[in-house]
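Below: the structure, in structure tokens.
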Amino acid sequence: MITIINRKQEIESQMAECWAIIREKENEMEALRELLRQPVEWDEGTTKRIVMDNASIVNLTINAKALIDYLFENDTIEVVKVDDVAYIYVNYILPEHEAILLANGAEIETNPDI
């Protein structure tokens, strides 16, 4: 009889450890969900941020493929994709490029900290 009680206590102890790990992972998941709800931070040292959703990217691909290729293939430009929104960080945008971007649904923001 003592063996059965000890086995039961051992299993219950292991289950308690598993539940503790599950609660810890659930807390980690909630913290990550909260990060997803936060706005995207600025890339340090850049003055402009181009915000484009998938529809804007498609419009640019159709209407100004060379510009969209330049934006996404340039190694010096930082692109952060969050869900269906691309954040493109640059220091300068040519006026003609800005006009094309705006005409195709992009938003252009200026870094408030610079």
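The values are calculated or read from the model by the stated rules, or taken from the named source; none is laboratory data. Bear in mind the structure is a predicted one, so any value in this text is a computation, not a measurement. Reconstructed Cβ throughout: ideal geometry from the backbone, glycine too, with neighbour counts over all protein chains shown.
Any residue in segment 64-82 that is of a type in the set (Ser, Thr, Tyr) sitting within a Cβ distance under 9 Å of a residue that is surrounded by 15 or more Cβ atoms within 10 Å (Cβ to Cβ) and assigned to a helix (DSSP H, G or I)? List the pairs, counting only those 6 or more apart or interchain.
Going by the 9 Å Cβ cut-off, the qualifying pairs are 70/97.
From (1) within 24 Å of residue 36 (Cα to Cα); (2) at pLDDT 85 or above, pick out the condition that doesn't hold for residue 83.
With (1) within 24 Å of residue 36 (Cα to Cα); (2) at pLDDT 85 or above applied to residue 83, the lone miss is (2).
Name the single residue that is nearest to residue 110 (Cα to Cα) among those in segment 30-71 being of a type in the set (A, V, I, L, M) and in contact with a Phe, Trp or Tyr (Cβ under 9 Å, 6 or more places away or on another chain). If you could, list the steps in order and put the result at the bottom.
At the first step, the residues of segment 30-71 found to be of a type in the set (A, V, I, L, M) are 31-32, 35-36, 40, 50-52, 55, 57-58, 60, 62, 64, 66-68, 71.
Checking which are in contact with a Phe, Trp or Tyr (Cβ under 9 Å, 6 or more places away or on another chain) leaves us with 40, 50-52, 57.
Working: 40: 14, 50: 9, 51: 11, 52: 15, 57: 20 Å.
Only one residue tops the list, namely 50.
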